[in-house]
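The numbers here are math on the coordinates, done by the rules we state, and not lab data. Just so it is clear, the model here is predicted, and its values are computed rather than measured. Using ideal geometry, Cβ is built from the backbone for each residue, glycine included, and neighbour counts are taken over all protein chains shown.
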Amino acid sequence: MGRLDQKTILISAAAQGIGRAAAIAFAKEGAKVIATDINEEKLKELAQYPGIETRVLDVTDKNQIELLAKEFGNIDVLCNIAGFVHHGSILDCTENDWDFTMNVNVRSMYMMIRTFLPKMLERKSGNIINMSSVASSIKGVVNRCVYSTSKAAVIGLTKSVAADFIEQGIRCNCICPGTVDTPSLRERIQAMPNPEQALNGFLARQRMNRFCTAEEVAHLCVFLASDEAAFITGSEYVIDGGWSL
Ligand SMILES: NC(=O)c1ccc[n+]([C@@H]2O[C@H](COP(=O)([O-])OP(=O)(O)OC[C@H]3O[C@@H](n4cnc5c(N)ncnc54)[C@H](O)[C@@H]3O)[C@@H](O)[C@H]2O)c1
């Protein structure tokens, strides 16, 4: 018996990092997983896992979202993972950077929820998990201006959806990780003028002397997707090894 038997879960940004780990963890617990990403090549690697079906999806594209909803109307869990990290303060953030980040990190979740929620309401049952960050309303982090703004908005969106639809059987929670060892983190470190110094800088702020793993965030996703979390809604789950303490 898996903890997610009989559940259909749609997940975005599943080709790498946290999304990939969560898609695999969901499938291991018995869920039918529709794993989506904009990166078709990397997404193909997931097809080898029993229980995972893949579809290309750009979460900023309303038409693609609507087409996917036509194909998979009845999903039990919507897991919105896609997000982009812009590096810089408000003075480094151009209007394009601002719009791009808010589009990928927030507007995409608005469109995904708006598209998939009506069918959940018809069935009087639905569960939404949004990926936020401790860099948000939880903690001020240097050089994360628009990123933190967008992730604070994800917390607000989560609480709002939870409050509006609690009586109709909908749960909505979000996850706020600290620094997670994912391909994009490694790319960001490599892009710094001195990658070794940058890596040490990231590590120095880890109170447990290590990064969070994508699998550790995936465990939390499994819990929130399962009926073990049936009484939990509107919550933001911090998983940051004590960084925000
Ligand atoms: N890595 C961290 O330290 C960390 C910390 C806190 C929160 N987060 C959040 O977790 C989520 C995943 O981060 P990660 O580091 O695991 O991922 P990542 O950056 O390693 O991978 C992101 C994935 O998103 C996909 N993607 C990008 N744009 C897309 C789009 N428009 N539509 C669909 N897919 C798209 C990419 O192809 C890629 O597979 C993000 O929302 C991120 O902000 C990450």
Inset, instruction - State whether one or more residues within the range 148-167 are within 11 Å of the ligand (Cβ to nearest atom), among the hydroxyl-bearing types (Ser, Thr, Tyr), assigned to a helix (DSSP H, G or I) and buried (at least 16 other Cβ atoms within 10 Å of the Cβ). - result: yes
Legend entry - Complete set of residues in the range 189-217 that are in a helix (DSSP H, G or I), among the aliphatic types (A, V, I, L, M), exposed (fewer than 15 other Cβ atoms within 10 Å of the Cβ) and away from the ligand (no atom under 13 Å from the Cβ): ALA204
Legend entry - Residue ID - surrounded by the most Cβ atoms within 10 Å (Cβ to Cβ), chosen from residues in the range 99-128 that are basic (Lys, Arg) and in a helix (DSSP H, G or I): ARG107
Legend entry - Filter pass, VAL56 being within 27 Å of CYS212 (Cβ to Cβ) and either surrounded by 18 or more Cβ atoms within 10 Å (Cβ to Cβ) or within 16 Å of the ligand (Cβ to nearest atom) (or both): no
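Condition check ((1) crowded, with 20+ Cβ neighbours inside 10 Å; (2) touching a strand residue (DSSP E or B) at 6+ places or on another chain (Cβ under 9 Å); (3) part of a loop (DSSP other than H, G, I, E, B)) across all residues:
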| site | (1), (2), (3) |
| --- | --- |
| ALA15 | yes, yes, yes |
| ALA27 | yes, yes, no |
| GLY30 | no, no, yes |
| LEU46 | yes, yes, no |
| PRO50 | no, no, yes |
| ASN63 | no, no, no |
Legend entry - For THR179: the one exception among (1) in contact with a helix residue (DSSP H, G or I) (Cβ under 9 Å, 6 or more places away or on another chain); (2) more than 16 Å from the ligand (Cβ to nearest atom): (2)
